[in-house]
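Right, one structure below, let's go through it.
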Amino acid sequence: METFPFSSIPNLPLFFSMFLILYSIAYSIVFRNWSPNIRPEACSCFISLFHGTPAVFLATFAIFSDQNRGFSSPNTKTQNLVLDYSIAYFLTDLLHYLVFFPTDVLFIGHHLATLFVFITCRHVVFHGSYAILTLLILAEVTSFCQNVWTLATARRHDNQLAAKVYSNFSPYFYAFYSVVRGIFGPFFLYQMGMFYSSGVADNVIPRWLWISWMCVVITAIGVSILWISNLWVELFKEKKGKLEKEL
């Protein structure tokens, strides 16, 4: 029988409270001396650091601890715990965007779509967490690098260390992100689509729902590839400009 800490406390309120407290600590203590223009973004990165990498390890454990894992297998308690953990994070970060960046339709839409996938998997069909958690791993395995890069980007114009990190770290981060989002993500999505389109899981995951999941993931991967492609273009322009100045 599966057990986990704080089993007497509902997971979602517990995790949501934790992320709210972390955000408050980041805003009032960790980044209190940062410019108001970048302080909220830094706080978002801070709570992401407490979600991304831990979620990768938790999701990996939850998947491999299930001997019956598969695209249509029922969710285990451990898998539901990881889903609650991620739902709490995305709710907190969504609140962050609604308060500080209410016109950022892209990120607000991304968070709402992600929450739709997690919540329907967790609380509506109670199946499919293998697929959703694998996608979570692929999405968050680059999270630590992305947060470091984002923080360095925010301070590169007024901090020499940040500028150095941004300059040296960017190519490696871009390459890592490109491989994960451009190769592994689409490959797993193809496997997921082939399985669900066969109709094998229609009795536990309705066709309209898994199609919705696929649309959300396809859109997310497409936007990610477009984003990283633009960053590669900007990087090559910067390198070319520096080379021309040296010559």
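The values are calculated or read from the model by the stated rules, or taken from the named source; none is laboratory data. Keep in mind that what you see is a predicted model, and the values were worked out from it rather than measured. Heads up, the Cβs are rebuilt from the backbone with ideal geometry, glycines too, and the neighbour counts pull from every protein chain shown. Ligands, DNA and RNA are excluded from the accessible area calculation, which covers all protein heavy atoms including side chains. Shrake-Rupley method; radii C 1.70, N 1.55, O 1.52, S 1.80 Å.
Spin-label point model (7 Å from Cα, Cβ direction): what's the Lys245 to Phe100 distance in nm?
In this crude label model, Lys245 to Phe100 measures out at 2.9 nm.
So for segment 166-245, considering every pair of alpha-carbon atoms, how many percent are separated by more than 18 Å? Kindly include the intermediate steps, with their values, before the conclusion.
Working: 1740 of 3160 pairs.
For segment 166-245, the fraction of Cα-Cα distances above 18 Å is 55 percent.
Under a point-charge model restricted to the Cβ atoms of Lys and Arg (+1) and Asp and Glu (-1), what is the dipole moment magnitude of segment 1-112 relative to its Cα centre, in debye to the nearest 20?
That gives segment 1-112 a dipole magnitude of about 140 debye.
On full extension of the chain, what length is gained from Arg207 through Ala175, given 0.36 nm per residue of separation minus the C-alpha to C-alpha distance?
Between Arg207 and Ala175, full extension yields an extra 8.0 nm.
Sort Phe19, Phe100 by accessible area with a 1.4 Å probe, largest first.
The most accessible residue leads, giving Phe100, Phe19.
Considering only protein heavy atoms, what per residue accessible area in square angstrom results for segment 64-218 with a 1.4 angstrom probe?
Accessible surface, normalised per residue, equals 48 Å².
Mind listing the long-range amide H neighbours of His127? Cut-off is under 5 Å, sequence gap 5 or more, other chains count too, H placed in the peptide plane at 1.01 Å from N.
So His127 has HN proximity to Asn75.
Counting only protein heavy atoms and a 1.4 Å probe, tell me what percentage of the chain's accessible area is made up of carbon and sulfur.
Answer for the chain is 68 percent, counting heavy atoms of protein chains only.
For segment 83-135, state what percent of all Cα-Cα pairs lands in each successive 10 Å bin, counting from 0 Å until the bin that includes the largest distance.
Taking all Cα pairs of segment 83-135, the binned fractions are 26, 50, 21, 4 percent.
Could you compute how fast segment 98-247 diffuses translationally, taking Rh as the Kirkwood radius over C-alpha pairs and applying Stokes-Einstein at 20 °C with viscosity 1.002 mPa s? Give it in µm² per second. Don't skip to the answer; put the middle values down first.
Details: Rh = 17.6 Å.
Here the translational diffusion coefficient equals 122 µm²/s.
Roughly what would the spin-label model give for Gln160 and His123, points 7 Å off Cα along C-beta, in nm?
5.2 nm
Which order do Tyr27, Tyr172, Tyr166, Tyr196 take when ranked by solvent-accessible area (1.4 Å probe, heavy atoms of all protein chains), largest first? Don't skip to the answer; put the middle values down first.
Values: Tyr27 75, Tyr172 165, Tyr166 30, Tyr196 0 Å².
Result of the area sort, largest leading: Tyr172, Tyr27, Tyr166, Tyr196.
Ordered by residue, what ³J(HN,Hα) values in Hz, to whole numbers, does segment 83-97 give under the Karplus form 6.51 cos²θ - 1.76 cosθ + 1.60, where θ = phi - 60° and Gly and Pro are x?
Those phi angles translate into 4, 4, 4, 6, 4, 4, 4, 5, 5, 5, 5, 4, 4, 4, 5 Hz.
Which whole number of Å³ per residue matches the convex hull of the alpha-carbon atoms in segment 5-151?
It is 110 Å³ per residue.
Determine the distance separating the Cα centre of segment 77-126 from the Cα centre of segment 48-75; give it in Å without decimals.
16 Å
Return the FRET efficiency for the residue pair Gln146, Gln67: r is the Cβ-Cβ distance, R0 is 41 Å, and the value is rounded to the nearest 0.05.
0.80
Explain nothing, just the number: dipole magnitude of the chain about its Cα centre with +1 on each Lys and Arg Cβ and -1 on each Asp and Glu Cβ, in debye rounded to the nearest 20.
The calculated dipole for the chain is roughly 440 debye.
Based on DSSP H runs of at least 4 residues, each adding -39500 (n - 2.57), what is the mean residue ellipticity at 222 nm of the chain after dividing by all its residues, to the nearest 500 deg cm²/dmol?
Only helices count here, giving -24000 deg cm²/dmol.
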